[in-house]
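Take a look at the structure set out below.
Read the figures in this text as sums done on the coordinates, not as results from a lab. Everything quoted here is computed from the prediction, not taken from an experiment. Reconstructed Cβ throughout: ideal geometry from the backbone, glycine too, with neighbour counts over all protein chains shown.
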Amino acid sequence: MRQDSTGVAIVGGGAAGAATAWVLARRGVSVTLFEQHAPGHPHGSSHGSSRAVRVAHPDPAWVRTAQRSLQRWRALEEDTGTALLATLGGLDHGSARDVHAIAQALAEVGVSGELLEPEAAAERWPGVVPDGPVLHQGDAGRADADATVAALHRRVGELGGEVRWHTPVQRVRPQADGARIETAEAVVHAQRVVVTAGAWTASLLGDVVALPPLAVTQEQFAHLPAHDGDDGAWPVLVHKRPGLQIYGMGVGAEGVKIGEHMAGAATSPQRRDARVDPDGLERVRAYVQRWLPGLEPRMLSATTCLYTSAPQDRWVADRAGPLVVISACSGQGFKHVPLVGEIAADLAEGRGERPDHALPVSLLPQVSAELG
């Protein structure tokens, strides 16, 4: 079996792994990115044309994080020469969405936001039925997920990094002088290994690292047409009331994306059935008829993706020996992708510590004992 070496090996070539490789390659670090599937595959959490990018949050710490992420998005666009973001503005409303707390958090950080009474919001956005007061924040928008991941992969190669497609990592093992990963073709020794494997994290690291509970669910969303034909101008929507969490945004020629948040069934990558749930589509159709009169309640398309969620809607981002584990999850990952890459790269190089909003990991006792 071939023996290889690299400075940092990254396991998982989705958005988080690709962003980590990009940051490290820009710093001149020898980096190898391992992805088990083909470019642009639909099997994980990073595919598709759209992800919401938002600043609004009731916690000022998350508002600050979102601001930092927006800055990194612009740096990524500049470095790759690719337009990745579209600014649409965002609306938050609903009895389970404390818009007054969001407005206070924005004001505390110095970010603009506007609270509107339902009548004023309905006049400005006639395609949306306001559910109480509405918080409008102008920086919200849409990231092109497929274009983002493709631009990151391309730029990693241009900067001297290596991407190995169709290369599943079978085992990760810490060693006294770094770590090794095993594939079907090679054993690769690295000074650090960064695991950004999403829904595969627990199965890959369960015998090595003590992880927080990670729940994997299959979520789905649909695209619907706007009555006025202006599908791309729709703002980013977040509507929460008891028993209901809906998000949406305009995505241009594909229509307006509408999905339920955290409504999917528990699954795993190994037993996932990627077919859409007709009951879920019917709930979305009924929601559109009640709350979004500006849309036609018919589906142009529908698809699924995997969510990986940690307790308390937090991330996993920590270093355990020579391993860095990143799962920027709980529905709060993609909007922060360039920043997630920076956090992971800092941990890999020993420059940073676990973020306050991230859960810790640690090597299992028997693994620590093996390392001496």
With a cut-off of 8 Å between alpha carbons and a minimum separation of six or more residues, what is the relative contact order of region 202-259 in percent? 33 percent
What does the convex hull of the Cα atoms come to per residue for region 242-372, in Å³? 158 Å³
Cβ crowding within 10 Å averaged over residues, with 25-37, 119-131 ranked highest first: 25-37, 119-131
Choose one answer from Gly13, Gly243, Gly94: the residue with the largest mean-square fluctuation in a GNM of the chain with alpha-carbon springs under 10 Å. Gly243
Value of relative contact order over region 63-130, rounded to a whole percent, pairs C-alpha under 8 Å and six or more apart: 25 percent
Residue among Ala210, Ala18, Ala317 with the largest mean-square fluctuation in a Gaussian network model of the chain, springs linking Cα atoms under 10 Å: Ala210
Once the other residues with Cβ under 11 Å from the Cβ of Val367 are scored (Lys, Arg +1; Asp, Glu -1), what is the net sum? -1
What label, among (1) 25.8, 88; (2) 18.8, 59; (3) 20.9, 69, belongs to Rg and Dmax of the Cα atoms in Å computed from the structure on display? (3)
With only helices counted (DSSP H, runs n ≥ 4, each -39500 (n - 2.57)), the per-residue ellipticity at 222 nm for the chain, to the nearest 500, works out to -8500 deg cm²/dmol
Projecting each Cα onto the charge dipole of the chain (Lys/Arg +1, Asp/Glu -1 at the beta carbon, about the Cα centre), which of Ala52, Ser30, Pro42 comes out farthest on the positive side? Ser30
Looking at region 1-53, what % of the alpha carbon pairs are farther apart than 17 Å? 45 percent
If we count every other residue with Cβ under 11 angstrom of His43's Cβ, Lys/Arg +1 and Asp/Glu -1, where does the sum land? 0
For Met262, Met1, Met249, ascending order of other Cβ atoms within 10 Å (fewest first) is Met1, Met262, Met249
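Among Ile326, Ile102, what is the fewest-to-most ranking by other Cβ atoms within 10 Å?
Working: Ile326 31, Ile102 22.
Fewest-to-most ranking of Ile326, Ile102: Ile102, Ile326.
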If you place +1 on the Cβ of every Lys and Arg and -1 on the Cβ of every Asp and Glu, how big does the dipole about the Cα centre of region 5-155 come out, in debye to the nearest 20? 780 debye
Which residue, chosen from Val188, Gly178, Ala150, occupies the Cα position most advanced towards the positive end of the dipole of region 146-194, where the dipole is computed from +1 (Lys, Arg) and -1 (Asp, Glu) charges on Cβ about the Cα centre? Gly178
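What is the magnitude of the charge dipole of the chain about its Cα centre, with +1 placed on the Cβ of each Lys and Arg, -1 on the Cβ of each Asp and Glu, and no other charges, expressed in debye to the nearest 20? Walk me through the numbers before you get to the answer.
Values: 34 positive and 42 negative charges, 138 e Å.
The dipole magnitude comes to about 660 debye.
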Report the relative contact order of the chain, percent, no decimals, based on alpha-carbon pairs under 8 angstrom and at least 6 residues apart. 23 percent
Using DSSP, restrict attention to beta bridges with both residues in the chain and report what percent are antiparallel, rounded to the nearest 5. 70 percent
